[in-house]
Amino acid sequence: MNPLVDVFRNALKTIRKTLKDRFVAGEPANVLVRQQADQIDALLRRIWHEFLLAEMPGIALIAVGGYGRGELHPGSDVDLLILLGEKAGPSSERKIGEFIAMLWDIGLDVGHSTRTLRECETEARADITIATNLMEARLIEGPSVLFGALRECAEPNNIWPSRAFFEAKWSEQQVRHHKFHNTANNLEPNVKEGPGGLRDIQVIGWVAKRHFGADTLRDLVTHGFLTESEYQCLMIGQDFLWNVRFALHILTGRREDRLLFDYQRTLAEEFGYRDQDHNLAVEHFMKQYYRTIGELSRLNEMLLEIFQEAILYPDSCAKVIPIGRHFRARNGFLEVANDRVFKRYPFALLELFLILQQHRTLVGVRATTIRLIRDHRYLIDDGFRNDIRARSLFIEILRQPRGVTGALRRMHRYGILGTYLPVFKAIIGQMQYDLFHVYTVDEHTLFVVSNLRAFAAIDHHEKFALCARVFGEIPKQELLYIAGLFHDIAKGRGGDHSRLGARDAMEFCLQHGFSQYDSGLVAWLVEHHLLLSTTSQRKDIHDPEVINSFAAEVGDRVHLDYLYLLTVADIRGTNPDLWNDWRHILLRDLYEATLLALRRGLENPIQQTERIMETKEEALCILQREGLLPNENRKARIEALWQSVGTDYFLRYRSGEVAWHARAITDGRDRVPPIVLVRKGRAGIDIFVYTQCQDHLFQASTSILDRLGMTIQDARIVTADNGMMLNSYVVLEASEGSIIDGGGKYQEREREIREILTRELRSPQDAVSPVSRLPRRQLRHFSTDTTVLFHENDVNRYTIMEISTSDQPGLLSRIAEILTCCETRLHKAKIATFGERAEDIFFITDKNNRLLTESMQECLQKKVIDKLA
């Protein structure tokens, strides 16, 4: 080994350690990244001279990429171009190879290429990335004449003129943003490549350099394409992101640009954030992060649009059409009539968005006008908010038949929405440190309004038929949008965000001229926006008592309709993986049952006996249509079955399910239990098991289904008087959160489930096996305290056990084992997962169908906490 390897390796270690120590001591990354580049320059020169490359004519060592800009983070690649005047001979090739090998040997992460001038030009002409690298080239060692020739061949008059360069970079950015779902607010954002990240700042610099010859962003201020405040905003944002990226590289010991959950808490502490009463330190840190990249993303959008107008749409070919007193259209883009419009008529800051909604030919706002909007936001003060013209314009925007979502999103991007509504400004960038809420509160809020608007779209009428019908019948759609805007407005303040938000909503509505009734309706929706979802997920919605109680709380159909629409939009806007057919059916069933109860009148509630009778009669009609009831033996078996299962059975199942069970159990064939039925249901795969009553049956079923990759959404257990059990499950594919698509694949899956359950449930105690699946990576960074609560349902004589704990593979199987161990009988289970948190509810009794004693509850609580905590 070359003895110089240790010398240079130690020199590199010293550089890295010194910079790390200085960063930990508080020195900013914007100083250190440049000093690291300088020190690596010096190290490379020493090594270059050691291999006598400096003595060879026609060869230069050039820094490119980020290193070429003089920016080098701890884990960044050192991108090098070894430039040759002519093709290298054998001796030169050997020395270059030894030089690169030395760099790898000492621990330097090198990205390198060796090219002649001609090769550089040819490849740069064909590849925008190579052309961009050459634009940032910086000579480290070698002939300046050769380097000058490289700069000349990369000029816009030779390759990639500014128009083509801009279009390529614009397209490149769109593709990159699409990889991150076109949002800056991902749970685990990429500091460099994500929207609003460092790459977005670099794109501005590249385009400016290509078009204006600007070497720095500061030069754009001189050119009049960047204001001083915009420049400062870019620099502050860049410094913040550089600090985050520098810290990430030090923390991980490598190039890591993803701000994963693994690192967020640690970085928050290192940057000095502390837990407070209502928000965790990591939430404060991430809020600043999201606000920073949000502002950078908006600046990137505006500045690229300014470049677009300058490069692609010169004013010489402009077609200008006046629109009202304050605006005009230029090539399809809206602009102010003059630069003094907002100063003279501040309410025009809102009027602009209304005009965009009302003129379909307009495709956007001119970038120069966007800049004026941003520069005049200071005019939106209490006087502005109290101006009847401003208030009327804001409500008129919400009342428009089209463009409501687009207007609100554009107002948010331009900084108007948060300025007009200070309560909205407080939630910008607000995140909740969990896996359930995948968007910041402001982004979630706008998704909810977008979902509400979508119910009016024709292409949603099939997928959300009930929502579309209800949406078309509500009297004032703007009230629904306001409820959507305010439903989470108080997140992050502490206290009950629903109640606090209801007060804000009431105040807003009254200030904007709504009646006391309309204002009260919006406030009620905000305060109770979780009522429908929690009732559907946590209570037995087949129980008439539950429906009657819920109907009384809602009060009338108007409140029910608005609440149903808001709930569906809220769930769909919380997490893309949260909405599925199961939740859809739960909400729809609860809505329809409540609507029926309201139509009957709250003074005439549905009785259990009435419901039982209706279910039996409807099931008999189904069986009669199938020609089964004329068979007296079959009819007798059905009556005996129904007699054995008890009345509670008919409250838990719909008439179609009752007929399905009866048909299979009484078909007259001499089948040995278990009888297992599997079919595609309304909201998942329906599984029915009819077998002898025995211990471990539920535990075995959960274990088998877990091994099959299924998640149980609902479980209903009925023990008949004849010693048989009727167990039903609604399951979904764990990996998809839905049913497998495709007829052939589904039929194969159905057969697999039926055959395995039939075989293994003959001996359930042998079917129980530990789950070997590992939890998702993200789950390791969240923990939910395990809690067990008990309360009683005196009407149906159940003890209700509510378990909240961390989601984990095999969770339900472990709970089933505990239920068996404590000699309890399960009647129903409702299973729900919210990100990293599982909230499961079990309706149980003792073996004699009595409420659990206090000692049995203590047994369950202790075992659950011991096994799951």
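The values are calculated or read from the model by the stated rules, or taken from the named source; none is laboratory data. Keep in mind it's a predicted model, so treat the numbers as computed, not measured. With ideal geometry, Cβ positions are generated from the backbone for all residues, glycine too; neighbour counts draw on all protein chains shown.
For the range 562-586, give me each residue that is over 18 Å from Val449 (Cα atoms) and of a type outside the set (Asp, Glu).
Here is the first cut: in the range 562-586, the ones over 18 Å from Val449 (Cα atoms) are 577, 580-586.
Of everything in the range 562-586, those that are over 18 Å from Val449 (Cα atoms) and of a type outside the set (Asp, Glu) turn out to be Asn580, Trp582, Arg583, His584, Ile585, Leu586.
Give Gly70, Gly75, Gly26 a once-over and let me know the one that is surrounded by fewer than 16 Cβ atoms within 10 Å (Cβ to Cβ) and within 26 Å of Phe246 (Cα to Cα). Spell out how you get there, then give the answer.
Numbers: Gly70 fails: surrounded by fewer than 16 Cβ atoms within 10 Å (Cβ to Cβ); Gly75 fails: surrounded by fewer than 16 Cβ atoms within 10 Å (Cβ to Cβ).
Within the list Gly70, Gly75, Gly26, the selection yields Gly26.
Out of all the residues in the range 674-731, which are part of a helix (DSSP H, G or I) and in contact with a Pro (Cβ under 6 Å, 6 or more places away or on another chain)? Give the steps one after another, and end with the answer.
First, pick out the residues of the range 674-731 that are part of a helix (DSSP H, G or I): 697-707.
Residues satisfying the conditions are Leu697, Ala700.
Just need a number here: residues in the range 790-805 that are touching a helix residue (DSSP H, G or I) at 6+ places or on another chain (Cβ under 8 Å) and either modelled with pLDDT under 85 or part of a loop (DSSP other than H, G, I, E, B) (or both).
Pass one, the range 790-805, residues touching a helix residue (DSSP H, G or I) at 6+ places or on another chain (Cβ under 8 Å): 790, 795-796, 799, 801-803, 805.
Okay, now just the ones that are also either modelled with pLDDT under 85 or part of a loop (DSSP other than H, G, I, E, B) (or both), so 795-796.
Counting residues in the range 790-805 that are touching a helix residue (DSSP H, G or I) at 6+ places or on another chain (Cβ under 8 Å) and either modelled with pLDDT under 85 or part of a loop (DSSP other than H, G, I, E, B) (or both) gives 2.
Residues of the range 573-588 that are of a type in the set (Gly, Ala, Ser) and either modelled with pLDDT under 90 or assigned to a helix (DSSP H, G or I) (or both): none at all.
Looking only at the range 589-626, which residues are among the hydroxyl-bearing types (Ser, Thr, Tyr) and either modelled with pLDDT under 90 or more than 22 Å from Arg557 (Cβ to Cβ) (or both)? Walk me through it before giving the result.
Step one: list which residues in the range 589-626 are among the hydroxyl-bearing types (Ser, Thr, Tyr), which gives 591, 594, 609, 615.
Matches in the range 589-626: Thr609, Thr615.
Test of understanding: among Asp570, Asp518, Asp556, Asp561, which residue is at pLDDT 95 or above, of a type in the set (Asp, Glu) and under 23 Å from Arg391 (Cβ atoms)? None of the others qualify; the one that does is Asp518. If you check Thr440, Thr419, Thr445 for being hydroxyl-bearing (Ser, Thr, Tyr), modelled with pLDDT of 95 or more and under 17 Å from Tyr290 (Cβ atoms), only one passes: Thr445.
Which residue out of Gln232, Gln238, Gln276 is in contact (Cβ under 8 Å) with a residue 12 or more places away in the chain and among the polar types (S, T, N, Q)? Only one candidate passes the filter, namely Gln238.
Each residue in the range 452-465 was checked for being buried (at least 21 other Cβ atoms within 10 Å of the Cβ) and touching a Ser or Thr at 6+ places or on another chain (Cβ under 9 Å), and 2 pass. Regarding the range 400-409, can at least one residue be identified that is among the β-branched types (Val, Ile, Thr), over 30 Å from Gln173 (Cα atoms) and out of contact with any strand residue (DSSP E or B) (no Cβ under 9 Å at 6 or more places or on another chain)? So far as the range 400-409 goes, no, none of its residues is among the β-branched types (Val, Ile, Thr), over 30 Å from Gln173 (Cα atoms) and out of contact with any strand residue (DSSP E or B) (no Cβ under 9 Å at 6 or more places or on another chain). Among the criteria (1) at pLDDT below 95; (2) β-branched (Val, Ile, Thr); (3) out of contact with any His (no Cβ under 8 Å at 6 or more places or on another chain), the one Ile311 does not fulfil is (3). Ala37: more than 24 Å from Met235 (Cβ to Cβ) and in contact with a helix residue (DSSP H, G or I) (Cβ under 9 Å, 6 or more places away or on another chain), yes or no? No: the conditions fail for Ala37.
Counting only residues that are assigned to a helix (DSSP H, G or I) and in contact with a Leu (Cβ under 6 Å, 6 or more places away or on another chain), which one in the range 541-556 is farthest from Glu603 (Cα to Cα)? Show your work before the answer.
Here is the first cut: in the range 541-556, the residues assigned to a helix (DSSP H, G or I) are 544-554.
Then keep just the ones that are in contact with a Leu (Cβ under 6 Å, 6 or more places away or on another chain); that gives 551-552, 554.
Numbers: Ala551: 11, Ala552: 10, Val554: 14 Å.
That would be Val554.
In the range 308-352, the residue that is nearest to Gln400 (Cα to Cα) out of those that are among the acidic types (Asp, Glu) and without any contact (Cβ under 8 Å) to a residue 40 or more places away in the chain is Glu335. State whether the residues of the range 203-222 include one that is in contact with a His (Cβ under 6 Å, 6 or more places away or on another chain) and over 21 Å from Glu443 (Cα atoms). Yes, the conditions are met somewhere in the range 203-222.
For the range 288-299, the criterion of a residue being in the same structural domain as Lys209 (by TED's automatic domain parsing) and within 24 Å of Arg22 (Cα to Cα) is satisfied by at least one position. Kindly indicate whether any position in the range 277-293 is among the small types (Gly, Ala, Ser) and surrounded by fewer than 15 Cβ atoms within 10 Å (Cβ to Cβ). No, the conditions are met nowhere in the range 277-293.
Tell me which residues, restricted to the range 92-117, are in contact (Cβ under 8 Å) with a residue 60 or more places away in the chain, part of a helix (DSSP H, G or I) and aliphatic (A, V, I, L, M). Working first, answer last.
So in the range 92-117, the residues in contact (Cβ under 8 Å) with a residue 60 or more places away in the chain come out as 102, 105-109.
Cutting the leftovers down to part of a helix (DSSP H, G or I) gives us 102, 105.
Met102 - this is the single residue of the range 92-117 that is in contact (Cβ under 8 Å) with a residue 60 or more places away in the chain, part of a helix (DSSP H, G or I) and aliphatic (A, V, I, L, M).
Among the residues of the range 37-91, those that are out of contact with any Phe, Trp or Tyr (no Cβ under 7 Å at 6 or more places or on another chain), of a type in the set (Gly, Ala, Ser) and in a helix (DSSP H, G or I) comprise Ala42, Gly65, Gly66, Gly68, Ser91.
Just the residues that are acidic (Asp, Glu) and either surrounded by 13 or more Cβ atoms within 10 Å (Cβ to Cβ) or at pLDDT below 80 (or both), please, taken from the range 733-765. It would help to see each step written out before you state the result.
Residues of the range 733-765 that are acidic (Asp, Glu), as a first pass: 733, 736, 741, 748, 750, 752, 755, 760.
Correct list: Glu733, Glu736, Asp741, Glu750, Glu760.
Does Gly224 satisfy being on the phi > 0 side of the Ramachandran plot and more than 31 Å from the chain's Cα centre (by Cα)? The answer is yes for Gly224.
Consider Leu32 carefully, then state whether it is crowded, with 18+ Cβ neighbours inside 10 Å, part of a helix (DSSP H, G or I) and either out of contact with any helix residue (DSSP H, G or I) (no Cβ under 7 Å at 6 or more places or on another chain) or among the β-branched types (Val, Ile, Thr) (or both). Taking the combined requirement at face value, the residue does not satisfy it.
Inspection of the range 438-458 finds no residue satisfying the criterion of being farther than 30 Å from Leu578 by Cα and in a helix (DSSP H, G or I).
Here the condition is being under 30 Å from Phe246 (Cβ atoms) and at pLDDT 90 or above; of Leu146, Leu187, Leu198, it holds for Leu198 alone.
Among the residues of the range 158-180, those that are surrounded by 13 or more Cβ atoms within 10 Å (Cβ to Cβ), part of a loop (DSSP other than H, G, I, E, B) and of a type outside the set (A, V, I, L, M) comprise Trp160, Pro161, Phe180.
Among the criteria (1) crowded, with 19+ Cβ neighbours inside 10 Å; (2) out of contact with any Leu (no Cβ under 6 Å at 6 or more places or on another chain); (3) among the small types (Gly, Ala, Ser), the one Ser804 does not fulfil is (1).
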